[in-house]
Amino acid sequence: MKYEIKKLWFDHKMLHLFLLFQLVAICILFFGDQPANQDISNNLDGYTYYLKKCEGRITKKTDTFFEQEADTLAERESEYETIYKKVSDGKMTVAACEKRLSKLNVILGRNAGFEALYEQYKHAKEQRSNRYLLNTNAWEGLLTKEHLDYALILFSCILACVCFGSEINSEMDVMLRIAKNGKKRIAREKLALVVFGSVIFFILEYLLELIFLQNKYGFTHGGYPVQSISYFQEYDKTASLIDVAVGCFLWKLFGCVLWTVLVSAAIIWLRKYTLAIIVSLSGMVLSYVGITAEYVKYRIPGPLGAMLAAGFYRGTIVSNTETAGKNIFSYIQLSETRKMWIFLIDLVLLGVLIFYIISKYSNCWNKKRFLRRKAIASLIIFLIGMDVLTGCSKYKKENQTYNLKNCQNFETDKYIVYSESNEQGEEFIMAQDKNTGERTQVVKDVFRNNKDIADCFYAMDNYVYYIETTKDRETVYGADEPGEMRLIRVDMRNFSTKIVFRINMKTISEDILGITQKTNENFFRYAELSSFLVSGDYFYIVSGKQVYEINLITKNQRLLFAFDGINLSFQDGVFYYTDHVSRLVQYNTRTKKAKTIKGVVAEMLQVAGKHIVYEDRTNNGAITCTDLKGKQKKVLYKKENFGVYVDTHAVYYLTENNELHEVDYNGLEKNKIKLRRSGMVYVFFDYNKILYDDYGKVTEYNK
Amino acid sequence: MRRLIYFEGKKHFMTKPMLVLIFIFLLANAIKIHSVYKEQSPFEKLSDPCFKEVYQELYSKYKGELTKEKVNGIMDLYTPLKEKVREGTYSKEREKGSMTYNTHSDCLLLDWCFISNIKYETGYKDYADSIVKNAVSNIKFYNKHKNGYEARKDYKIAKAFLNRRLPHFYNTDGFRSLMYYDFSTFIILLLCLYGCSSVFMKEKETEMNLLLETSVKGRKETLTAKVITSILFFVFLCLLFSIEDYLVFYWNFENMDACFEPIYMLEAFRDTLFRTNLLTTYLLMVCSKMLGVCAIGMLFLIVSMYGKNAWMVILENLCILAGLLVIYQKFSETFVLVNPVALLYSREIFMNSNFINCFGMPIMDWVFVYGFTSMLLLVSFFVLKRGWQKG
């Protein structure tokens, strides 16, 4: 036995392969894990605060709690507005306002967390007896991943091949029959070694996953019914989360053993390990990919169902067709009897395979080296290199400014770009030559009628960026659904277009060979996209109240921060925004660090050059400007305004009687014009004209 | 040389395990196609067997040239049903006067199998004209702004879309599913993986490669024969599975009437610049797949040549395949163009009208993909040659 261990793990360097595959599994876990419920993770503080008060079974008390909290939040929101109004009217001092607002802000900051919990509550309310409230992210991460563990499959396959195949390959196994221990003992030892190796690999991988999920999300309330997780909601037996976790673990362990023994038997039967690897792998993967109906995978005896495991605890899901007469089953639950039968058949299969291996196999020594260190080293270097390179990209250009408040007008070197709508309410991106005044549509794509062009756009230097989404429909009875989202760059010097980024927008994303299918997070992320900007190799999108950074080359996405959904500016790699408790925060995209700018309670935030312009909530909404550190404040206009615009030299504000005032950053009023205005006013950073909507006609005014 | 090729083929690819594997995979492929049919055919969503009979009766009446009478005929049948469904004034049980089960199912049958296609086909002329109009106005605009590339690009688009129309109505469900079907590609790659792993390994494992070098034809001809045999094997696999795909789809959907209609008869291909018919397009896609498989197969051969152990060769080849697939799926445009995997999924190339600016000339992206893959084939051959000569 000792020699077998030494030969397999050290001479054949299976230990190296073991560590390499574990490393790959860890990398996949670390870099590929996404929380099952993004809303919970993104608003964890608020969510945990409310969850503590109502977790567990839904009772009448829980119903009352949710009703009361919803009312309280609505009241707080209206109180918030009242306070703000009182301060604006001068009925409340700024100090008193700040004191009350600070309390309110804490409560309102938890709103998103409450909404996430409320969604769970709505789901749990439908079946009060076994749907409890709890933070499900850890459990969902552990239990609902219904995809094959390729690292385990490949490792077990190679381990078995090397253990049994090396002697068979050199035809030395025949010698075994004349050896002292050759007939049965060595075969038993080899089999035990292979099974033990695979089991250790699986247990280690499982433990690492448990530790990772525990640290990232935390497992709580293992005794709650498994139906609390939406994936298992229709399961009609009584089982707790821990029961299912243990059940899945045991099924997977059994599947792992069965798979390893099956591969070993295949090698001994086929006597060619290349063929055995291909036959075993293709048998497993093809049945996994080829069987479209999920529940069928669990009804076929063999390692596939056992290695997936989660489906054994899933209930029947019926979707009625639109026509009468037929139910379509998305999933059919396996009865306990059927599960038992499948287990017994698998057990018999295992026994037969073990008997076959022991009766057929004979042993001999083969010290042939099989693991090439160089190949593995190059593979690791390649993987590390790829990973490192994804983070390396040249950094962006200076003097780039973006304000969410004014994201419907930009200027390029030669053009001003703004959005315009026609009588039917359709929005167009228009470009106007700064010198000649000639106007033209930016989107020149001849196929534009067949695409959804987003209302938001971005422009800088000589480029205008816009977003289009193609439509797709694969079956006659399916509805149109988004196909691909593309970020298009138009070079305004000659109107050349280029696709700089594209991403799949189908609601269900599929791997290239259809190996795995999962809900496409991109769809939800980009469907809520309200504005965006491009800086260097990065594409920043504002989706709901969150800002994501996307690498245009590698397509890597990361959530940068959440803000209040209104106040957001960007200048030279730094974001300025107000968070959910109205603090002004500076986020540096280079260092990935956020810093609060103290003493500023801002609204209608805009950044221009070295100045931040905002409406000061502590000073009746007075238009105030400050430096980028928030230290030198200067009030520019104290009374109520109807719109604030900025450029590099001055601040413009609209008053009630449609007068547009120009004030420089020192607070000196320079100009005042009366506008005959019915709609938008566009003030550009460098362009010396102001555009405004004069009852359907775009009119210009020289600054 | 011919004998050498035959011998190499017999040694590596015409083996018993390979033939059995091919047979099993052909069977698995047929089963998968049937499951695709079950998933995508509208008749599987409509339970009653009479749906198919009603459909066939109506289809034989309305297929062929789309005349005004036919369009009016089907619309007269459809409009009152749609109206009833919209108002909700129909029975949810079986209705006596209904063609199928009830008004709703009649309406769905017409909607899914006739109306949506007829609407698309009758509206396509206007759609194509609007593209030509947009393109012509763009050409003027770009000429004014001296952007020759964009003007030339739009000229090509205008030319491709000029006088396009869809005068016939045929069932395209079979072709639609066939064009989106990828499972057989996966099988082909697996078989290549297995086949290639032994091409150079067989001699190495028995240490016969040294002996081979001393033979008369061992230095050059054997390598050429091995490469040609492998390429023939890849081509054979692609052809075999493509023919199977076509026939089994035909057998399942019972209809490939639209094979001589233009490719843009499929809604997903409405923006294509190709004017070939569906059958020709499918053949072109098969050819693309062949080229892609050959290029990837050559990479497998290189690994096989430098590898010292068959299972290690398989592992390395799996890594190469996974790497190419991940790069194709995850990375941006540039990487996609220099990846032979793009040819395995060539429908994306045929669907879209993407151009690349090549010194001011608009060149379609497939030219680059084909060019790069052909280059890769050549380079792989030279690498193999060098490796073989080095021993």
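When the residues of the stretch B:17-54 are filtered to those that are among the basic types (Lys, Arg) and within 10 Å of another protein chain (Cβ to nearest Cβ), which remaining residue is nearest to the chain's Cα centre (by Cα)?
Residue satisfying both the conditions and the ranking: B:LYS32.
Condition test on B:GLU57, is it modelled with pLDDT of 85 or more and not assigned by TED's automatic domain parsing to the domain that holds B:LYS119?
On the way: modelled with pLDDT of 85 or more: yes; not assigned by TED's automatic domain parsing to the domain that holds B:LYS119: yes.
Taking the combined requirement at face value, the residue satisfies it.
Quick test for you: out of A:VAL600, A:VAL547, pick the one residue that is part of a loop (DSSP other than H, G, I, E, B), away from every other protein chain (no Cβ under 14 Å) and of a type in the set (A, V, I, L, M).
Working: A:VAL547 fails: part of a loop (DSSP other than H, G, I, E, B).
Only one candidate qualifies: A:VAL600.
Hey, does the stretch A:653-676 have a residue that's assigned to a strand (DSSP E or B), touching a residue at least 60 places away in the same chain (Cβ under 8 Å), touching a strand residue (DSSP E or B) at 6+ places or on another chain (Cβ under 6 Å) and under 17 Å from A:ASN409 (Cβ atoms)? Spell out how you get there, then give the answer.
As a first pass, look at the stretch A:653-676 and keep what is assigned to a strand (DSSP E or B): A:653-654, A:659-664, A:669-674.
Retained after the next criterion (residues that are touching a residue at least 60 places away in the same chain (Cβ under 8 Å)): none.
Within the stretch A:653-676, none of the residues are assigned to a strand (DSSP E or B), touching a residue at least 60 places away in the same chain (Cβ under 8 Å), touching a strand residue (DSSP E or B) at 6+ places or on another chain (Cβ under 6 Å) and under 17 Å from A:ASN409 (Cβ atoms).
If you take just the helices (runs of 4 or more DSSP H) that sit entirely in the stretch B:287-347, which of them hold at least 3 residues that are buried (at least 20 other Cβ atoms within 10 Å of the Cβ) and at the interface with another protein chain (Cβ under 9 Å from one of its Cβ atoms)? Full working, then the answer.
Numbers: elements: B:310-330, B:333-337, B:341-344.
Hits in the stretch B:287-347: B:310-330.
Mind listing whichever residues of the stretch A:223-234 are over 20 Å from the mean Cα position of the chain (by Cα) and either part of a helix (DSSP H, G or I) or modelled with pLDDT under 85 (or both)?
Across the stretch A:223-234, the qualifying residues are A:VAL226, A:GLN227, A:SER228, A:PHE232, A:GLN233, A:GLU234.
Consider B:PHE372 carefully, then state whether it is modelled with pLDDT of 85 or more, aromatic (Phe, Trp, Tyr), part of a helix (DSSP H, G or I) and farther than 19 Å from B:ILE296 by Cβ.
On the way: modelled with pLDDT of 85 or more: yes; aromatic (Phe, Trp, Tyr): yes; part of a helix (DSSP H, G or I): yes; farther than 19 Å from B:ILE296 by Cβ: no.
Against the criterion (modelled with pLDDT of 85 or more, aromatic (Phe, Trp, Tyr), part of a helix (DSSP H, G or I) and farther than 19 Å from B:ILE296 by Cβ), B:PHE372 does not qualify.
Please return the ranges of helices (runs of 4 or more DSSP H) entirely within the stretch B:121-224 where 3 or more residues are within 30 Å of B:PRO42 (Cβ to Cβ) and assigned by TED's automatic domain parsing to the domain that holds B:PHE236.
On the way: elements: B:148-161, B:173-179, B:183-199, B:201-205, B:209-214.
Where helices (runs of 4 or more DSSP H) fall fully within the stretch B:121-224 and carry at least 3 residues being within 30 Å of B:PRO42 (Cβ to Cβ) and assigned by TED's automatic domain parsing to the domain that holds B:PHE236, they are B:173-179, B:183-199.
I'm checking my understanding of the structure. Among residues of the stretch B:145-166 that are more than 10 Å from every other protein chain (Cβ to nearest Cβ) and within 27 Å of the chain's Cα centre (by Cα), which one is nearest to B:LYS119 (Cα to Cα)?
This residue is B:LEU166.
Look through the stretch A:630-639, keep the residues that are outside any strand (DSSP E or B) and surrounded by 14 or more Cβ atoms within 10 Å (Cβ to Cβ), and return whichever of them is modelled with the lowest pLDDT. Quick ask: steps written out before the conclusion?
We begin by selecting, within the stretch A:630-639, every residue outside any strand (DSSP E or B); these are A:630-633, A:638-639.
Now restrict to residues that are surrounded by 14 or more Cβ atoms within 10 Å (Cβ to Cβ): A:630, A:633.
Values: A:GLY630: 74, A:LYS633: 81.
Here the residue is A:GLY630.
Output the number of residues of the stretch B:167-187 satisfying the condition of being in contact (Cβ under 8 Å) with a residue 40 or more places away in the chain and within 11 Å of chain A (Cβ to nearest Cβ).
Residues of the stretch B:167-187 in contact (Cβ under 8 Å) with a residue 40 or more places away in the chain: B:167-185, B:187.
Filter again for within 11 Å of chain A (Cβ to nearest Cβ), leaving B:171-173, B:176-177, B:179-185, B:187.
Residues flagged as in contact (Cβ under 8 Å) with a residue 40 or more places away in the chain and within 11 Å of chain A (Cβ to nearest Cβ) within the stretch B:167-187 amount to 13.
Which pairs have Cβ atoms under 8 Å, sit 6 or more apart or on different chains, and link a residue in the stretch A:261-287 that is away from chain B (no Cβ under 12 Å) to one that is assigned to a loop (DSSP other than H, G, I, E, B)?
Listed by first residue and then by second, the contacts come to A:LEU262/A:GLY302; A:ILE268/A:TYR361.
Scanning the stretch B:78-101 for residues that are within 18 Å of B:GLN56 (Cα to Cα) and of a type in the set (S, T, N, Q), which turns out farthest from the chain's Cα centre (by Cα)?
The residue in question is B:SER98.
List, please: which pairs have Cβ atoms under 8 Å, are six or more places apart or on different chains, and start with a residue in the stretch B:247-269 that is not assigned by TED's automatic domain parsing to the domain that holds B:THR280 and end with one that is of a type in the set (Ser, Thr, Tyr)?
As it stands, the answer is none, since no pair meets every condition given.
Kindly evaluate B:ALA258 against the criterion of being in a helix (DSSP H, G or I) and either modelled with pLDDT under 90 or closer than 23 Å to B:PRO42 by Cα (or both). It would help to see each step written out before you state the result.
Working: in a helix (DSSP H, G or I): yes; either modelled with pLDDT under 90 or closer than 23 Å to B:PRO42 by Cα (or both): yes.
Answer is yes for this residue.
Of all strands (runs of 3 or more DSSP E) completely enclosed by the stretch A:410-497, which ones contain at least 1 residues that are among the aliphatic types (A, V, I, L, M) and closer than 21 Å to B:ASN354 by Cα? Outline the logic, then answer.
Working: elements: A:415-421, A:427-433, A:439-441, A:451-460, A:463-472, A:481-491.
The strands (runs of 3 or more DSSP E) meeting that bar are A:451-460, A:463-472, A:481-491.
Taking the criterion of being touching a residue at least 24 places away in the same chain (Cβ under 8 Å), farther than 19 Å from A:TYR206 by Cα, touching a strand residue (DSSP E or B) at 6+ places or on another chain (Cβ under 7 Å) and surrounded by fewer than 16 Cβ atoms within 10 Å (Cβ to Cβ), would at least one residue in the stretch A:13-23 satisfy it?
No, that holds for no residue.
The values are calculated or read from the model by the stated rules, or taken from the named source; none is laboratory data. All values derive from a computational prediction rather than experimental measurement. No Cβ is skipped: glycine too gets one built from the backbone with ideal geometry, and neighbour counts run over all protein chains shown.
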